[in-house]
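The values are calculated or read from the model by the stated rules, or taken from the named source; none is laboratory data. None of these values were measured; they are calculated from a predicted model. Backbone-built Cβ (ideal geometry, glycine too); neighbour counts: all protein chains shown. Ligands, DNA and RNA are stripped out before the accessible areas are found, and what is left, the full protein with its side chains, is counted by its heavy atoms. Shrake-Rupley method; radii C 1.70, N 1.55, O 1.52, S 1.80 Å.
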Amino acid sequence: MRVLVVGSGGREHALAWKLAQSPSVDEVHAAPGNPGIAMLGQCHPIRAEDGDSLLELARTIGAGLVVIGPEAPLVAGVSDQLRRGGVAVFGPSAAAAQIEGSKRFAKDVMRAAGVPIAETMSVARVPCVVKADGLAAGKGVFMCHTREELEAALRAVATLGDQFVIEELLEGEELSVFAIVDGSNVLALPESRDYSRVGDGDTGPNTGGMGSYSPVPELGAGRVAELVDAIHRPVVETLAERDTPFIGCLYAGLMLTDDGPRVLEFNCRFGDPETQAILPRVEGDLGEALLAAAQGDLAEVELSVSETCAVTVALAAGTYPEGRDAGSPIAGVEDAEALGALVFHAGTAVRDGQLVTSGGRILNVTGLGDTLEQARTRAYEACELVSFEGARFRRDIAEKAVGVAG
Ligand code: AMP
Ligand code: GLY
């Protein structure tokens, strides 16, 4: 089968990398892809949101499956357009993607499904969290501990759009849990943790994600299937009952509170950079599993998970998350790979044969090992070998977990 991966980040590189290893996959294509993906297959200069051109491309290359990475094309209905054109797609319809695209829709579904969530507050009172309703690329969530922060948050959401929600501020460790879904059946993937703040010790502004690791020892081995049964399954059932069946990766962002897990959000896609730590641990044919999901045929599919541990560090532009960088030469990727690290491209380009920066998050370096400590050491050793002007990365990815795991 030929698979077309839609998107251009580190998540899409990791998906393309795993799909290229799948026995069911003969050729990997990407739109628009990136220089890392270009080493695995053919990249086509088509934007992820351009449904018309993607459909034409899928037909031209005879794609047996299209895998859509980012949320924007999903929320915009690119899956629907491809499906109407007779193409098998791993990725939800626009209607089901509202689980990420609209906080209100998500709350409504979660309440109907009876999953534990952060309670909505009818009056703005600190401590609380103020969230803009639509997609705001991680910039629409404001934690408010003081009145001043609350007032600033209310002003900020007013400039982003008209709708917002206020909810209780939860405390605890965060966890990302993904499941592959075919509309009714769910298949759990290994859990991971993501680091959304830019600075060490969870300081500074929110980002798309500065690092990740898997497994998460605080969760306890084998517990991820329980979480998926308690959280993903009822949501998938509720979406199906509402005639908006979910086909794709359903991502639950959870907080492990003293009162048990609570859902902070659902996303309608694989997480970035969690995917870069999860997929190296998945064994079996990912292409077959995603195709089965796209065809509503996941019931018999299994994917086993290796004992390997993975730690992913995002190397970002010096001005990220406010800014991005373009055109700075990148050195040392081959050296990092020679150490055994996986280097996923997130915001790179090739100019005159030279790999250069082109984005906010530039590369994701994943270290693997028998323990999280070993994976972490290997990831950071590899990071030290990669350089570009202004590169910044967090030094504390998986640090606490190494302590927990002992
Ligand atoms: P969201 O886009 O809703 O996932 O929010 C982004 C980030 O804000 C989450 O990953 C959490 O770190 C944080 N967050 C969101 N909602 C809450 C909440 N109710 N209590 C505490 N932290 C939250
Ligand atoms: N790592 C956070 C996200 O993918 O939304």
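Just the residues that are in a strand (DSSP E or B) and open to solvent by 20 Å² or more (accessible area, probe 1.4 Å), please, taken from the stretch 29-67. Across the stretch 29-67, the qualifying residues are Pro32, Gln42, Cys43.
So that you can scan it fast, the table gives a plain yes or no per residue for (1) without any contact (Cβ under 8 Å) to a residue 24 or more places away in the chain; (2) within 14 Å of ligand 2 (Cβ to nearest atom):
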{"site": "Glu148", "(1), (2)": "yes, no"}
{"site": "Arg155", "(1), (2)": "yes, no"}
{"site": "Phe164", "(1), (2)": "no, no"}
{"site": "Glu167", "(1), (2)": "no, no"}
{"site": "Leu189", "(1), (2)": "no, yes"}
{"site": "Ser196", "(1), (2)": "no, yes"}
{"site": "Gly204", "(1), (2)": "yes, no"}
{"site": "Met210", "(1), (2)": "no, yes"}
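The condition (being in contact with a Ser or Thr (Cβ under 8 Å, 6 or more places away or on another chain) and either in contact (Cβ under 8 Å) with a residue 40 or more places away in the chain or open to solvent by less than 10 Å² (accessible area, probe 1.4 Å) (or both)) is satisfied by just one residue among Ser24, Ser8, Ser79: Ser79. Note on the stretch 392-406: residues that are over 18 Å from Gly201 (Cα atoms) and either open to solvent by less than 70 Å² (accessible area, probe 1.4 Å) or β-branched (Val, Ile, Thr) (or both) total 1. Looking at the stretch 270-279, can you tell me whether even one residue there is more than 16 Å from ligand 2 (Cβ to nearest atom) and not in a strand (DSSP E or B)? No, because not a single residue in the stretch 270-279 is more than 16 Å from ligand 2 (Cβ to nearest atom) and not in a strand (DSSP E or B).
Is it fair to say Pro190 is under 20 Å from Leu290 (Cβ atoms), touching a Pro at 6+ places or on another chain (Cβ under 9 Å) and either charged (D, E, K, R) or surrounded by 16 or more Cβ atoms within 10 Å (Cβ to Cβ) (or both)? Considered against the rule, which asks whether it is under 20 Å from Leu290 (Cβ atoms), touching a Pro at 6+ places or on another chain (Cβ under 9 Å) and either charged (D, E, K, R) or surrounded by 16 or more Cβ atoms within 10 Å (Cβ to Cβ) (or both), Pro190 comes out as yes. Glu283 falls short of the stated requirement of being within 11 Å of ligand 2 (Cβ to nearest atom), of a type outside the set (Val, Ile, Thr) and surrounded by fewer than 23 Cβ atoms within 10 Å (Cβ to Cβ). Taken as a whole, the condition of being open to solvent by less than 70 Å² (accessible area, probe 1.4 Å) and at pLDDT below 95 applies to Ile117. Can you list residue pairs whose Cβ atoms sit under 9 Å apart, with the first residue in the stretch 260-272 being on the phi > 0 side of the Ramachandran plot and the second being away from ligand 2 (no atom under 11 Å from the Cβ)? Count only pairs 6 or more apart in sequence or on different chains. Cβ pairs passing all conditions: Gly260/Pro116.
When Asp229, Asp202, Asp243 are checked against the criterion of being over 16 Å from the mean Cα position of the chain (by Cα), acidic (Asp, Glu), within 22 Å of Tyr380 (Cα to Cα) and surrounded by fewer than 18 Cβ atoms within 10 Å (Cβ to Cβ), Asp202 stands alone in meeting it.
Within the stretch 170-181, at least one residue is small (Gly, Ala, Ser) and surrounded by fewer than 21 Cβ atoms within 10 Å (Cβ to Cβ). May I ask you to verify whether Asp108 is open to solvent by 40 Å² or more (accessible area, probe 1.4 Å) and acidic (Asp, Glu)? Answer is yes for this residue.
Please give the number of the condition Val87 fails out of (1) in contact with a helix residue (DSSP H, G or I) (Cβ under 7 Å, 6 or more places away or on another chain); (2) crowded, with 23+ Cβ neighbours inside 10 Å. It fails just one condition, (2).
The residue list Asp297, Asp272 contains one member that is of a type in the set (D, E, K, R) and closer than 27 Å to Lys103 by Cβ, which is Asp272. Within the stretch 212-230, being farther than 30 Å from Ala112 by Cβ and either of a type in the set (A, V, I, L, M) or within 14 Å of ligand 2 (Cβ to nearest atom) (or both) holds for Ser212, Tyr213, Ser214, Ala221.
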